[in-house]
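Written below as structure tokens is the structure these notes are about.
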Amino acid sequence: MHLLESLTRLISRFRYPVSLPEDVAHDLGMNLPNTLNFHDFLELLSSPHHRPTKLRKYMSRRQAEQTFESALKKEIFKSCSLFSYYFNKSWLVIALYYDEQDRLRRVYLQCPSCEQVDGFDIPLEEEYYAAASSH
């Protein structure tokens, strides 16, 4: 079984020589295979049925930023953080937006050089103890 996984990963590197769907999925806490084409990969990321398990709405900024181990570029700004992955001559950027208390409020995925892909929000579960105290 290990040989088959290694062979599949090697073949995936021909399709995705820099970042793999598995890299992004791992950082988000999702289980997605590298065998997906880019369009199907984005569709699964946008699906409300495939929510990240490592990110929760209202979680602390520090915790949210720590989940992005595989990102090739990490840019930190006052109210947002950008984590970038490189796929087939285009960047895939995950933007995290925070409120005044540095709590995660929104996760937005964009592919700036992909004309056929509009940006979209990645659906999040709420972190219940923080949500209850913010109301």
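Structure summary
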item	result
Any helices (runs of 4 or more DSSP H) falling wholly within the stretch 1-49 and containing at least 3 residues that are touching a strand residue (DSSP E or B) at 6+ places or on another chain (Cβ under 7 Å)	38-46
Residue 4 at pLDDT below 95, touching a helix residue (DSSP H, G or I) at 6+ places or on another chain (Cβ under 9 Å) and either of a type in the set (A, V, I, L, M) or more than 16 Å from residue 104 (Cβ to Cβ) (or both)	no
Condition met for residue 71 (of a type in the set (A, V, I, L, M, F, W, C), in a loop (DSSP other than H, G, I, E, B), under 13 Å from the mean Cα position of the chain (by Cα) and modelled with pLDDT of 95 or more)	yes
Any hit, the stretch 18-39, residues being surrounded by fewer than 12 Cβ atoms within 10 Å (Cβ to Cβ) and at pLDDT 90 or above	yes
The stretch 97-115, subset free of Cβ contacts under 8 Å to residues at least 40 places away in the same chain and buried (at least 18 other Cβ atoms within 10 Å of the Cβ), residue farthest from residue 27 (Cα to Cα)	114
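The values are calculated or read from the model by the stated rules, or taken from the named source; none is laboratory data. Keep in mind the model is a prediction, meaning the values are calculated, not measured. Cβ coordinates were reconstructed from backbone atoms using ideal geometry, including for glycine residues, and neighbour counts include every protein chain displayed.
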